[in-house]
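The structure appears right after this line, and notes come after that.
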Amino acid sequence: MTIATHRFDALMNITARPPVVFVRGEGSYLWDQHGKRYLDFVQGWAVNCLGHAPPALVQALSQQAATLLTPSPAFYNEPSLALANALIERSGFDQVFFTNSGAEANEGAIKLARKYGSLHKSGAFEIITFQGGFHGRTLATMSASGKKAFEPLFEPKVPGFRKATLNDLSSVEALIGPQTVAVMLEPIQGEAGVWPATHQFLRDLRALTEQHGLLLILDEIQTGMGRTGKLFHYEHAGIAPDIMTLGKGIGGGVPLGALLATKQASCFAHGDQGGTYNGNPPMCAAGLAVLEAVSQPEFLKTVAERGHMLAAELQRVSARHGLGSVRGEGLLLALDLKRPIGATIVAEALGDGLLLNAPQPDALRFMPALNVTREQILIMTGGLDAILTRLGAARCVA
């Protein structure tokens with residue numbers, strides 16, 4: 001069977017996909033079945049932090065696959081121990097539970113918080129989350145999310161999630177009650193259009209949760225693993241959360257997530273949590289290769305520098321075309337389009353061999369590989385400028 005004979009409708013129709021089949025990737029580029037090359041500034045939604053098919057990741061996977069695939073999570077294996085210890089050494093947490101996805105890590109964080117409430121807070125189970133937040137597509141994580149499109153789906157939702165307003169501490173304080181056990185948020189709301197929590201808000205939120213004896217859960221699935229110029233985004237604010245979740249970039253392109261917690265918050269008993277493939281050796285070997293690369297100080301410094309360059313170039317494009325602000329941090333940025341032209345730009349870019357993402361109709365989100373080059377940033381912003389000019393969006397001369 002060849003690509004030409006494959007039926008696209010063999011896959012469930014859960015998203016609008018263009019009729020393009022990608023067959024190869026290298027670094028910041030993808031190639032389709034016709035040999036056309038695309039510059040990728042989506043990277044699997046911030047998944048391929050080292051780009052497509054990075055040699056260190058390929059080597060780690062191939063070596064581990066030839067050695068041991070999985071002995072079952074009922075036994076220890078060396079790669080999972082190595083990755084868990086490496087994460088603990090580089091963070092403020094004491095224990096790790098590996099998952100197969102970010103949503104599964106968030107589901108685990110919700111369960112852990114509820115178990116903590118049952119043991120230490122008289123059965124408290126409510127978790128304050130935020131309007132615009134996105135935590136995954138399991139029933140509990142959809143319920144925790146503040147995404148409007150989720151509201152009518154799969155009723156009845158899992159109860160126990162009250163929604164505050166990002167960067168509004170009083171809205172959080174107003175929701176705290178005797179059943180509250182935790183506050184959970186993304187440091188930057190990616191799916192909502194890259195809306196950051198301010199560093200001061202994160203500091204104030206940490207103080208508020210400590211004052212009320214609540215757990216602070218940070219969903220760093222999109223911001224973690226160097227994406228914003230620090231290994232973990234909470235370092236920017238100088239705080240120490242009780243629980244953190246990782247996904248996307250931690251696997252560098254393979255399915256891996258992690259739930260990290262302090263010793264005090266780690267209260268699962270045997271049988272409370274598990275998973276057949278959780279912590280399997282190949283994925284953990286991949287995660288260790290990724291962590292060793294992105295945690296290097298020089299690498300993180302370069303991410304921050306490339307982020308400043310990308311922001312500056314996007315601001316130039318914005319000024320030329322009468323668009324809005326650039327928001328975000330590091331290499332997780334958004335351009336405010338000020339009008340609902342995101343889908344049109346994405347479609348035009350695909351035709352030009354450029355992969356972009358519009359999480360909202362009036363915003364573009366940029367999630368390139370963390371090792372993206374200066375030249376590739378200029379190629380992307382030049383391509384975006386050309387598309388906007390072609391669409392008649394230019395309002396002034398550069």
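The values are calculated or read from the model by the stated rules, or taken from the named source; none is laboratory data. Quick caveat, the model's predicted, so the values are computed rather than measured. Positions of Cβ are generated from backbone atoms using ideal geometry, with glycine treated the same way; all protein chains shown enter the neighbour counts.
Can you go through ASP336, ASP272 and tell me which one is modelled with pLDDT under 95 and surrounded by fewer than 21 Cβ atoms within 10 Å (Cβ to Cβ)? After ruling out the rest, the residue left standing is ASP272.
Quick one: which of LEU388, LEU335 is assigned to a strand (DSSP E or B) and touching a residue at least 24 places away in the same chain (Cβ under 8 Å)? None of the others qualify; the one that does is LEU335.
For the range 34-45, check the following and say yes or no: at least one residue is in the same structural domain as GLY307 (by TED's automatic domain parsing), loosely packed, with under 12 Cβ neighbours inside 10 Å and farther than 23 Å from LEU384 by Cβ. Taking every residue of the range 34-45 in turn, at least one turns out to be in the same structural domain as GLY307 (by TED's automatic domain parsing), loosely packed, with under 12 Cβ neighbours inside 10 Å and farther than 23 Å from LEU384 by Cβ. Candidates in the range 108-124 are the residues that are under 17 Å from LEU218 (Cα atoms) and touching a Ser or Thr at 6+ places or on another chain (Cβ under 8 Å); of these, the one that is surrounded by the most Cβ atoms within 10 Å (Cβ to Cβ) is ALA109. Being over 25 Å from ALA240 (Cβ atoms) and not hydrophobic (A, V, I, L, M, F, W, C) is a condition met by no residue of the range 102-121. Pairs linking a residue in the range 1-23 that is under 25 Å from LEU354 (Cβ atoms) to a residue that is among the β-branched types (Val, Ile, Thr) and in a strand (DSSP E or B), with Cβ atoms under 9 Å and 6 or more positions apart or on different chains, are ILE3/VAL23. Being at pLDDT 95 or above, at negative phi, of a type in the set (Val, Ile, Thr) and surrounded by fewer than 23 Cβ atoms within 10 Å (Cβ to Cβ) is a condition met by no residue of the range 211-228.
Per the listing ALA140, ALA192, ALA207, the residue uniquely within 14 Å of the chain's Cα centre (by Cα) and of a type in the set (Gly, Ala, Ser) is ALA192. Selection of the range 63-120 for residues being among the basic types (Lys, Arg) and in a helix (DSSP H, G or I) yields LYS111, ARG114, LYS115. Looking at this structure, is ALA363 at pLDDT below 95 and not assigned by TED's automatic domain parsing to the domain that holds VAL290? In short, no.
If the condition is being under 19 Å from the mean Cα position of the chain (by Cα) and in a loop (DSSP other than H, G, I, E, B), then the range 279-299 contributes only SER295. Among the residues of the range 180-202, the ones that are surrounded by fewer than 21 Cβ atoms within 10 Å (Cβ to Cβ) and either in contact with a Ser or Thr (Cβ under 9 Å, 6 or more places away or on another chain) or modelled with pLDDT under 95 (or both) come to 1 in all. The condition (being under 15 Å from GLY257 (Cα atoms), surrounded by fewer than 23 Cβ atoms within 10 Å (Cβ to Cβ) and either polar (S, T, N, Q) or out of contact with any Phe, Trp or Tyr (no Cβ under 6 Å at 6 or more places or on another chain) (or both)) is satisfied by just one residue among GLN95, GLN131: GLN95.
Taken over the range 29-57, residues that are of a type outside the set (Lys, Arg), in contact (Cβ under 8 Å) with a residue 12 or more places away in the chain and part of a loop (DSSP other than H, G, I, E, B) amount to 10.
Any residue at all in the range 76-98 that is within 30 Å of LYS157 (Cβ to Cβ), assigned by TED's automatic domain parsing to the domain that holds GLY307 and under 20 Å from the mean Cα position of the chain (by Cα)? No, the conditions are met nowhere in the range 76-98. The C-beta contact set for the range 58-75 (first residue over 27 Å from GLY27 (Cα atoms), second residue in a helix (DSSP H, G or I), distance under 6 angstrom, 6+ apart or interchain) comprises LEU68/PRO281. For the range 123-137, the criterion of being in contact (Cβ under 8 Å) with a residue 24 or more places away in the chain, in the same structural domain as ASN77 (by TED's automatic domain parsing) and part of a helix (DSSP H, G or I) is satisfied by no residue at all.
Pairs are defined by a Cβ separation below 6 Å, a sequence spacing of at least 6 or placement on different chains, a first member in the range 220-237 that is free of Cβ contacts under 8 Å to residues at least 60 places away in the same chain, and a second member that is in a loop (DSSP other than H, G, I, E, B) and crowded, with 24+ Cβ neighbours inside 10 Å; the pairs so defined are GLU220/PHE232; GLU220/HIS233; GLY224/PHE232; TYR234/PRO241. Of the candidates GLY307, GLY342, GLY287, GLY328, the single residue that is at pLDDT 95 or above, out of contact with any Cys (no Cβ under 6 Å at 6 or more places or on another chain), at positive phi and surrounded by 17 or more Cβ atoms within 10 Å (Cβ to Cβ) is GLY328.
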